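Scroll down for the structure; my scribbles are underneath it.
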Amino acid sequence: MDTNELIKQQVTENAVVLYMKGSPEAPMCGFSAAAVQMLEACGVEDVATVNVLADEDVRNGIKEYSNWPTIPQLYINGEFVGGSDIMREMYQSGELQKLFEK
């Protein structure tokens, strides 16, 4: 499976996917830590995380897949939401929380 197919599979088979540096327990950059904190504050419990530092192909491939230059990247129901700056704006306005309401 090529990298693009792998990423497509990850974002379609999981309701919430966060591509980040490190893990939720040990984020390797402040932006990834902020993204995890925002998801936790929204009460999201089932998040598939992908550590892009563990796979250079995924690290570069996700940027091409989303046409977005930075990491972290959040996907909900297969749709690209944005990076930590977009997440922060959405969180502050209440939009991010609404995406997780049932």
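None of the figures in this text is laboratory data; all of them are computed from the coordinates on show. Since this is a predicted model, take the numbers as computed values, not measurements. When we count neighbours, we look across all protein chains shown, and the Cβ atoms used for this are built from the backbone with ideal geometry, even at glycine.
Things to note:
- Close Cβ contacts (under 6 Å, 6 or more residues apart or on different chains) running from residues in the range 66-94 that are closer than 17 Å to Thr3 by Cα to residues that are in a strand (DSSP E or B) comprise Ser66/Gln73; Ser66/Phe80; Ile71/Tyr19; Gln73/Tyr19; Tyr75/Val17.
- Residue, farthest from Val16 (Cα to Cα), within the range 62-102, restricted to residues that are part of a loop (DSSP other than H, G, I, E, B) and of a type in the set (Val, Ile, Thr): Thr70
- Taking the criterion of being surrounded by 13 or more Cβ atoms within 10 Å (Cβ to Cβ), of a type outside the set (A, V, I, L, M) and over 19 Å from Glu25 (Cα atoms), the residues of the range 71-82 that qualify are Tyr75, Gly78, Phe80, Gly82.
- Of all residues in the range 5-61, those satisfying the criterion of being surrounded by fewer than 17 Cβ atoms within 10 Å (Cβ to Cβ), outside any helix (DSSP H, G or I) and of a type in the set (A, V, I, L, M, F, W, C) are Ala15, Ala26, Met28, Cys29, Ala48.
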